[in-house]
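Nothing in this text is a laboratory measurement; each read-out follows from the coordinates by a stated rule. A quick note: this is a predicted structure, and the numbers were derived from the prediction, not measured. Using ideal geometry, Cβ is built from the backbone for each residue, glycine included, and neighbour counts are taken over all protein chains shown.
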């Protein structure tokens, strides 16, 4: 007996929406299985990081969401590929979540540069999300052999902030421009559920 091949199609927008749905699902399991809080946190981080990338990336993808050095490598590649079709593209090095948020806060931060105001992330929220990235997400992803305790009472409020930021990115319009009206409505409904979970 052989297994059928299974393929899942995804892209950066679908990854954001899927991460939000996963955070909502895992939140339902957390009361019965406290280990589910890990997956709530990782899904929230994934959704926010992905939304920032979608917002910042230009039509010359991945420019806008990569490190300064990596942007230079990509620009050199784009130029060289005009005359050398066999040149290999460089690896992509995305900005860390705190740096993505700092970039998104700037005016005209959307990949098309049309948003006059940046995405609203207060200094306090940025500091909170930086700690979330550095101390929680990184510990879960790069788990060290040790025990630790995590206060999860603030995770719903964190989800509310993340839902508000992603909602604003959605409203700006550039990030999810390739999705249809139904997709956007479904994302808005999930963001509302995430905000209500606080």
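At 0.36 nm per residue, minus the direct Cα-Cα distance, what do residue 87 and residue 193 gain on full extension? Give it in nm, one decimal, please. Walk me through the numbers on the way to the answer.
On the way: separation 106, 0.36 × 106 = 38.16 nm, distance 4.59 nm.
Working it through step by step, the gained length comes to 33.6 nm.
Assuming 0.36 nm per residue, please report the length gained on full extension of the stretch residue 122 to residue 76 beyond their Cα-Cα distance.
13.0 nm
Taking the number of other C-beta atoms within 10 Å as the exposure measure, put 133, 9, 45 in order starting with the fewest.
With the fewest neighbours first, 133, 9, 45 line up as 9, 133, 45.
Among 149, 109, 61, determine the one that fluctuates most according to a GNM of the chain built with springs between C-alpha atoms less than 10 Å apart.
Maximum among the listed residues: 149.
I want to verify a result. In a Gaussian network model of the chain, Cα cutoff 10 Å, which of these has the top mean-square fluctuation: 72, 113, 147?
Comparing 72, 113, 147 in a Gaussian network model of the chain, the most mobile one is 147.
By count of other Cβ within 10 Å, fewest leading, how are 168, 3 ordered? Please report the intermediate quantities before stating the final value.
Numbers: 168 19, 3 5.
By the 10 Å Cβ count, ascending, the order reads 3, 168.
Compute log10 of I(q)/I(0) for the range 119-162 with the Debye formula, placing one identical point scatterer on every Cα and leaving out solvent, at q = 0.15, 0.17, 0.33 Å⁻¹, to two decimals.
With no solvent term, the Cα-only Debye profile gives -0.43, -0.54, -1.26.
Considering only 106, 38, 91, give the residue with the highest GNM mean-square fluctuation for the chain, with springs between Cα atoms whenever their separation is below 10 Å.
91
Ratio of the range 155-198's C-alpha Rg to 2.2 N^0.38 Å, to two decimals?
The value comes to 1.15.
Along its principal axes, what span do the Cα atoms of the range 50-198 show, with the longest given first and each in whole Å?
56, 44, 28
For a quick check: sort 15, 190 by the number of other beta carbons within 10 angstrom, fewest at the front.
By the 10 Å Cβ count, ascending: 15, 190.
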